[in-house]
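The structure under discussion appears below in the form of structure tokens.
The values are calculated or read from the model by the stated rules, or taken from the named source; none is laboratory data. Being a predicted model, the structure only gives us computed values, none of them experimental. Note that each Cβ is placed from the backbone with ideal geometry, even for glycine, and that neighbours are counted across all protein chains shown. Ligands, DNA and RNA are excluded from the accessible area calculation, which covers all protein heavy atoms including side chains. Shrake-Rupley method; radii C 1.70, N 1.55, O 1.52, S 1.80 Å.
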Amino acid sequence: MAKDTAASVNRRNDIISAAIDVFAEIGYYRATTAQVAERAQISQPYIFRFFKTKEALLLTAIEVSWTRVIDSFRIVVETATPDQLENDLIEAYDKILESHKSEILLQMQAQTIREEVIRQAMQKGISDVRSMVLEAFTVAGIAEPLKRTMIFLAIGMLCNVSNALDMPELKER
């Protein structure tokens, strides 16, 4: 039984990864569950064993992407010295941009989706990141932590645009 459970978890993760890539490449509205199934190398009905709707799959994909950012930032917050905190957070985000570009592209696209449940998921993700960074900057004694948090988030969004448009010069500091 444990082997079946592990295989099921792996297939679910495969579906989520495929959905992230497909949604990021062609957009949520144009993407179909058939395309996600093809990318995951499974049958389309198998997707619905794990996710009732395409929207539920998108919500899970968004959650996975935000969890990766939060978990990466949490490690930095727990280990960085106050004078290295901001720089280490930027480096952690750069690593995510390099290794999980589709997740960030998915987030960028999800910002434009008007369905309330999707908006709420995106609001929660950015709010959680903002709260974590603001608290870390405050605890670290960074001057004007609210302003520095806003600048940090703005730089992150500019990095997203830089990667999406393949314009590395936008990230030059």
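Observations on the structure shown:
- Out of VAL69, VAL64, one residue alone is open to solvent by less than 60 Å² (accessible area, probe 1.4 Å), without any contact (Cβ under 8 Å) to a residue 60 or more places away in the chain and either closer than 23 Å to GLU135 by Cβ or assigned to a helix (DSSP H, G or I) (or both). It is VAL64.
- Options GLN109, GLN84, GLN41: the member that is among the polar types (S, T, N, Q) and at positive phi: GLN41
Rundown of residues vs (1) among the small types (Gly, Ala, Ser); (2) in a loop (DSSP other than H, G, I, E, B); (3) open to solvent by less than 50 Å² (accessible area, probe 1.4 Å); (4) within 18 Å of ARG68 (Cα to Cα), yes/no style:
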site	(1), (2), (3), (4)
GLN123	no, no, no, yes
ASP128	no, no, no, yes
GLU135	no, no, no, no
GLY141	yes, yes, no, no
LYS147	no, no, no, no
ILE151	no, no, no, no
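- ALA19 at pLDDT 95 or above, of a type outside the set (Val, Ile, Thr) and either farther than 21 Å from VAL129 by Cβ or open to solvent by 60 Å² or more (accessible area, probe 1.4 Å) (or both): yes
- Of note, ILE104 does not satisfy the criterion of being assigned to a helix (DSSP H, G or I), over 25 Å from MET167 (Cα atoms), modelled with pLDDT of 95 or more and hydrophobic (A, V, I, L, M, F, W, C).
- Scope region 105-127; condition β-branched (Val, Ile, Thr), farther than 17 Å from ALA154 by Cβ and in contact (Cβ under 8 Å) with a residue 12 or more places away in the chain; matching residues: ILE113, VAL117, ILE118
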